[in-house]
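Report on the following structure.
The values are calculated or read from the model by the stated rules, or taken from the named source; none is laboratory data. If you're wondering where the values come from, they're calculated on a predicted model, not measured in any experiment. Backbone-built Cβ (ideal geometry, glycine too); neighbour counts: all protein chains shown.
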Amino acid sequence: MITKRLTKREEDVMKILWEAGKGFVKDLLKQHPEPKPHYNTFSTIIRGLEEKGYVAHNSYGNSHEYYPAVTKEEYRKLFIKNVVSDYFESSYKNVVSFFVNEDKLNVEDLKELIDIIEKKKQD
């Protein structure tokens, strides 16, 4: 069970790993946008992610092929839960109100959300 939040740098590395599916540090580093971190820095981040339970590896001699141990969806759920708890008093209604007040959701969006909720209740 994952419980630790990721830093921005760790999230960036996880995004690369989720996209790639798996890979060796040198191959994953190639996918990192500029400016690329130093190889050792990147490797340290991946090992830290492994310690936190987000990444696992297969060993091939002295080489390690890393892969996500946590799906993007699993992390999204944890991330959203923490944001709602920390910034919206654990209220999803407050989240929706925030987006409405920020003009990020309109009446049509809200109607679609209501349809989703009603459909979910029927299932």
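Quick one: is residue 19 surrounded by 13 or more Cβ atoms within 10 Å (Cβ to Cβ), out of contact with any His (no Cβ under 9 Å at 6 or more places or on another chain) and part of a helix (DSSP H, G or I)?
It is false that residue 19 is surrounded by 13 or more Cβ atoms within 10 Å (Cβ to Cβ), out of contact with any His (no Cβ under 9 Å at 6 or more places or on another chain) and part of a helix (DSSP H, G or I).
Conditions tested, residue by residue: (1) farther than 17 Å from residue 8 by Cα; (2) among the acidic types (Asp, Glu); (3) surrounded by 11 or more Cβ atoms within 10 Å (Cβ to Cβ).
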| residue | (1), (2), (3) |
| --- | --- |
| 46 | no, no, yes |
| 49 | no, no, yes |
| 95 | yes, no, yes |
| 102 | yes, yes, no |
| 108 | yes, yes, no |
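If we scan segment 42-57, do we find a residue that is more than 26 Å from residue 82 (Cα to Cα), free of Cβ contacts under 8 Å to residues at least 40 places away in the same chain, not assigned by TED's automatic domain parsing to the domain that holds residue 79 and not in a helix (DSSP H, G or I)?
Within segment 42-57, one or more residues are more than 26 Å from residue 82 (Cα to Cα), free of Cβ contacts under 8 Å to residues at least 40 places away in the same chain, not assigned by TED's automatic domain parsing to the domain that holds residue 79 and not in a helix (DSSP H, G or I).
Which residue, of 36, 26, is in a helix (DSSP H, G or I), over 17 Å from the mean Cα position of the chain (by Cα) and not hydroxyl-bearing (Ser, Thr, Tyr)?
Result of the check over 36, 26: 26.
What is the number of the single condition among (1) among the hydrophobic types (A, V, I, L, M, F, W, C); (2) part of a loop (DSSP other than H, G, I, E, B); (3) farther than 23 Å from residue 2 by Cβ that residue 70 does not meet?
(3)
What are the residues in segment 21-43 that are touching a Pro at 6+ places or on another chain (Cβ under 9 Å) and over 13 Å from residue 69 (Cα atoms), if any?
Correct list: 29 only.
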